[in-house]
Structures are given as C-alpha cells and as structure tokens.
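Working notes, beginning with the structure itself.
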Amino acid sequence: MPHLFTPLTLRSVTLRNRIGMSPMCQYSATDGVPNEWHFAHLAARAVGGVGLIIAEATGVEAQGRITLGCTGLWNDAQAEAWQRIVAFGRAQGAVMGVQLGHAGRKASTLKPWEGYASISHEQGGYESIGPSALAFAPALATPRAMTQSDIERVITAFAAAATRAVALGFQIIELHAAHGYLLHSFLSPLSNQRSDAYGGSFDNRTRLLREIVQHVRRVIPDATPLFVRLSCTDWLNGGWTLDESIALARQLQAEGIDLIDCSSGGAAPNVSIPLAPATKCPLPRRFGARLALPLPPSG
Ligand SMILES: Cc1cc2nc3c(=O)[nH]c(=O)nc-3n(C[C@H](O)[C@H](O)[C@H](O)COP(=O)(O)O)c2cc1C
C-alpha cells in the first residue's frame, strides 16, 4: 500500500491520507436530525486521523429514508445539527463528505434490530416509491411506480440537499446509487420495468442518475468533488453488470464526477455473493484499468 499515507487532491479538496470511512447508517436519528450518537461516531474517526469521512446515507426527502432513524437533509433543523459535527471533523483535519440518497422501494423499513419488514402505518410507516410496482422482498411493501412529477420532485430534492450540504460545510458530496436503493433500482432491469424514457435501454435506465448528477453538479461549486457510489454488479443474470457500470462511469466522468465508489449487490434478496476477504477489490481494479478516475479510498 505505497500510497495509503500520501495525500490525494480532488478539485480543491486535499485528503491527508487515503483512509476513508465508508458511509454507515446508524438508524439513530429523530426526524432525520443527527444527534450526539452521530457526533461520537464521526468525530471519533476524525480525531483518529482518517483522511475522508463520508456520513451515512442521508435522505433527500422524508420518504427517502430507509428507516425512521435515518438522517436527512431536507430542512434547516437537520442542516444545523450536521453543521456542528462537520465543523468538528474539519477542525480535526478530516475531509467531511455526506452520502445523499433515497431509499426508493427499500424505504419505510424497520431498523435492523427490530426485524425485517415494512413499518406499519400505525408505527409511522410512509409510502415507498420505485421505478416499477415491484416489491424488493415478500416482507416489504410494494412501492408505487413513480410518475414524471415524482421523478422531477426527487431530482429537485437531490439538488436542494446538495445545496444545503455545501452551505453547512460538507466538502464532498456522494450520490448513493448502490445497494438497491432508488437510483440503483432504476439502473437494474431486475427492478426497473418501465416503458417510458426512464426504463428499458441502458440510456433510459441510467437517465435518472445522469439527470441528478447534472443538476447537483450545477448547484455545487466547481471546487467541490462529486462522487457516485455504484453497485458495480448485481451478481445475477439479467441484472446490472460490471460492463454497464464502466460504461456509465465514463458518461458520469464527462458530467463532472470525480470518483466512483465501487460497491456491489443489494438489487435483489438472497443473492449468492462470493464472500471472502477483499471480495469487492477486483471491481475497483477493473475500473481503474479502464478509466482515468482515482481508485476509491473507502471499502
Ligand atoms: C452498519 C452499516 C451501515 C452501512 N450503511 C451504509 C450506507 O449508509 N451507505 C452505503 O453506501 N453503505 C453502507 N454500508 C456499507 C459500507 O459502507 C461498506 O461498503 C461495507 O461495510 C463494506 O466495507 P467493509 O468490508 O470495510 O465492511 C453500511 C455497512 C454497515 C456495516
């Protein structure tokens, strides 16, 4: 690992080393507002010397949260709470990023320690939306297929959350297009069976993500790096593939993306993933060999 402890500059931001803390949902917020738990979780790693911290998948709208405990960035109270955490992390020399996401058909689920099911209406459950009315798993509610106006609202919500994120001090924005959540569910033919301009061909399935990238890039400063996290393969025949990920990454690079954060899976339940130490490492290596993008610093 000859480069691990050397700085990496992306646009105007310099990471003090290439150790990154991956976004990790804590399921511990109230009304999307991060609290002392999130402060301790993120501040500890900043003090520990990590170069880049990416805060957990943070909903761009209330129904974009995976669980009722997920963080958000759609209002001022959330932005204010994030500001204190971000200021502390930056003061410790870490670069502070946030992963903006929308849970799509995986929204409104119980916290992991409560079981695996949709939240009932009485428990505060909310509507889930997706490219098509296809449930992720039998235990989860069937999402409502998104209309054109849903699509426009979600694009606007991503841009608004990115604007808030930069204003409160986040230095890097990552768009969550992995793990079966909304943006990934548009990419994968397993979950996207639309017959309009957002489904079918590769160009159509990638349209929503490309439009969000364009809108977000337009509202954040040129100096701010923009990352996209992709599930680079669904590990399933008929699903999203590594070759499609590489083709999409090329297009996103032209739209101003600075890094592809390579992950995999999450589009379908019970998929057999060849798990072993460093299972996912060949994915970024195959990206690195075919694209002029830096390799991701995180896991
Ligand atoms: C508790 C927990 C929460 C996670 N939350 C997120 C998340 O919010 N967004 C995301 O893209 N990945 C999430 N992940 C995946 C991690 O970011 C990471 O990619 C994964 O744990 C693999 O890295 P590792 O092998 O170092 O654990 C989560 C993982 C864990 C264990």
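Every read-out reported here was derived from the displayed coordinates using simple, explicitly stated rules and does not represent laboratory data. Computed from a predicted model, the values in this text were never measured in an experiment. Using ideal geometry, Cβ is built from the backbone for each residue, glycine included, and neighbour counts are taken over all protein chains shown.
What to note about this one:
- Of Leu252, Val50, Gly238, farthest towards positive along the dipole that unit charges on Lys, Arg, Asp, Glu beta carbons give the chain: Val50
- For segment 8-15, putting each phi into the Karplus relation 6.51 cos²θ - 1.76 cosθ + 1.60 with θ = phi - 60° gives couplings of 9, 9, 10, 6, 8, 9, 10, 7 Hz, in residue order, rounded to whole numbers and with x for Gly and Pro.
- Segments 99-111, 243-255 sorted - mean Cβ within 10 Å per residue, highest first: 99-111, 243-255
- Taking a sphere under 11 Å around the Cβ of Phe5 and counting the other residues whose Cβ falls inside, with K and R at +1 and D and E at -1, yields a net charge of +2.
- Scanning residues 5 or more positions from Gly59 or on other chains, those with amide H under 5 Å from its amide H are Thr71, Gly72, Leu73, Gly101, with H placed 1.01 Å from N in the peptide plane.
- Calculated mean residue ellipticity, 222 nm, the chain: -10000 deg cm²/dmol, from DSSP H runs (n ≥ 4) at -39500 (n - 2.57) each, averaged per residue and rounded to 500.
- In order along segment 105-112, the Karplus-derived 3J(HN,Hα) couplings, from 6.51 cos²θ - 1.76 cosθ + 1.60 at θ = phi - 60°, round to 6, 9, 6, 6, 10, 5, 5, x Hz, and Gly and Pro are given as x.
- Farthest toward positive dipole pole in segment 17-289 [+1 Lys/Arg, -1 Asp/Glu at C-beta], among Pro138, Thr71, Phe227: Phe227
- Net +/- balance of residues flanking Thr67 in space, Cβ distance below 9 Å, scoring K and R +1, D and E -1: +1
- Dipole magnitude (debye, nearest 20) for the chain, charges at Cβ of Lys, Arg, Asp, Glu: 740
- Three-way shape call for segment 17-289 based on the alpha-carbon gyration tensor, with the a/c threshold at 1.5: rounded
- Sum of side-chain charges, Glu255 neighbourhood, beta-carbon under 9 Å (Lys, Arg +1; Asp, Glu -1): +2
- Dipole in debye (nearest 20) - segment 116-180, about Cα centre, beta carbon charges: Lys, Arg +1; Asp, Glu -1: 80
- ³J(HN,Hα) computed for each position of segment 39-49 - Karplus, 6.51 cos²θ - 1.76 cosθ + 1.60, integer Hz, glycine/proline x: 4, 5, 4, 8, 5, 4, 6, 5, 5, x, x
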